[in-house]
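**Q** Starting off with a structure, shown below.
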Amino acid sequence: MTCLPSPAGVEGSGPARQDTTPEGKPCYLSTDNAQSRLSRLADDLEAAQLGSGAQVLAGARAVLADPKAGERAVRFALTRSVESLADALRVAASRGARIGVGDDPHPGLTDSVVLDHS
């Protein structure tokens, strides 16, 4: 598996999978086998991100349904929701690119997602 600075794959490899570096910059992972150990690990990571997003959604709905929820709880729920949405958009863009779903109607959208994890 190779980390590339752009979505263009390595010759002879499959479509690049989008991810991010620890610094939050886009990184495209290219493998030559969709069934390789690293490809399956990336699939598992994407599934975990989407599963986490479902949990965050349930929590955010609970906070929003509670009329006594304070500003701190609402801000926390919104922050986690934004992070989960960014992950879901990244997964969707990566999967769409790998199955060849035409041109991206919102080019650069996932590249512009900047999160402050502080």
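The values are calculated or read from the model by the stated rules, or taken from the named source; none is laboratory data. Small disclaimer: the values here were computed from a predicted structure and weren't measured. Neighbour counts run over all protein chains shown; Cβ positions are idealised from the backbone, glycine included. We work out accessible area using only protein heavy atoms, side chains counted, and drop any ligands, DNA or RNA first. Shrake-Rupley method; radii C 1.70, N 1.55, O 1.52, S 1.80 Å.
**Q** Output wanted: per-residue J couplings in Hz (rounded whole) for the range 68-79, from phi through Karplus 6.51 cos²θ - 1.76 cosθ + 1.60, θ = phi - 60°, x for Gly and Pro.
**A** Ordered by residue, 3J(HN,Hα) equals 8, 5, x, 4, 4, 5, 5, 5, 4, 4, 5, 4 Hz.
**Q** Further question on the same structure: What list of ³J(HN,Hα) values in whole Hz, one per residue of the range 81-92 in order, does the Karplus curve 6.51 cos²θ - 1.76 cosθ + 1.60 (θ = phi - 60°) give from phi, with Gly and Pro shown as x?
**A** Once rounded to whole Hz, the list reads 5, 5, 4, 5, 5, 4, 4, 5, 5, 5, 4, 4.
**Q** Residue by residue through the range 47-59, which ³J(HN,Hα) values in whole Hz follow from phi under the Karplus form 6.51 cos²θ - 1.76 cosθ + 1.60 (θ = phi - 60°), with glycine and proline marked x?
**A** So the J values, rounded to whole Hz, are 5, 5, 5, 5, x, 4, x, 5, 5, 4, 4, 4, x.
**Q** Find, among the trypsin sites (Lys or Arg not before Pro) in the range 24-78, those assigned to loop by DSSP (not H, G, I, E, B) with at most 15 other beta-carbon atoms within 10 angstrom.
**A** Within the range 24-78, the qualifying trypsin sites (Lys or Arg not before Pro) (loop, at most 15 other Cβ atoms within 10 Å) are LYS68.
**Q** Would you check the accessible area of ASP43, probe 1.4 Å, heavy atoms only, in square angstrom rounded to 10?
**A** Accessible area of ASP43: about 60 Å².
**Q** Taking amide H atoms as placed 1.01 Å from N in the peptide plane, list the residues 5 or more away in sequence, or in a different chain, whose amide H sits under 5 Å from that of LEU29.
**A** LEU4, ARG17, GLN18, ASP19
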